[in-house]
1. Run the helix sum for the chain: -39,500 (n - 2.57) per DSSP H stretch of 4+ residues, divided by residue count, reported at 222 nm to the nearest 500 deg cm²/dmol.
2. Roughly how many Å² is the accessible area per residue of the stretch 2-63, as a whole number, for a 1.4 Å probe?
3. Could you give the angle, 0 to 90 degrees to the nearest 10, between helix 38-67's Cα long axis and the longest principal axis of the Cα atoms of the chain?
4. Remind me, relative contact order of the stretch 2-63 in percent, using alpha carbon pairs under 8 angstrom and six or more residues apart?
5. Within the accessible area of the chain, what % is carbon and sulfur when the probe is 1.4 Å and the other protein chains stay in place?
6. What percent of all Cα-Cα pairs in the chain falls in each 10 Å bin, counting up from 0?
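The values are calculated or read from the model by the stated rules, or taken from the named source; none is laboratory data. All values reported here derive from a predicted model rather than from experimental measurement. Remember, those area values only see protein heavy atoms, side chains included, never the ligands or the DNA or RNA. Shrake-Rupley method; radii C 1.70, N 1.55, O 1.52, S 1.80 Å.
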Amino acid sequence: LEKWSPRSALGQLRAKLSASEAESEAQVAQFLAQDLPLDYFLESFCQSRTRSHVCRMQLEKLQELLQK
């Protein structure tokens, strides 16, 4: 039950958000260092930022629900 608790889910979402943010930052650094072609960067960066945004919204909604 501990694995599926709301608090556990909150921690997992925070970890997922941190990982997604780090991935985005790494992609920007690689692009600025000219290690990634523009087309690949745009596609992967947009996917990464979308994951970050969805995760952030889920995290905020879960926090809101837990506060009630």
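1. Calculated at 222 nm, the ellipticity per residue is -30000 deg cm²/dmol.
2. Accessible area per residue, the stretch 2-63: 72 Å².
3. Helix 38-67 sits roughly 10 degrees off the main axis of the chain.
4. Relative contact order of the stretch 2-63: 46 percent.
5. Carbon and sulfur together cover 58 percent of it.
6. 21, 39, 23, 14, 4
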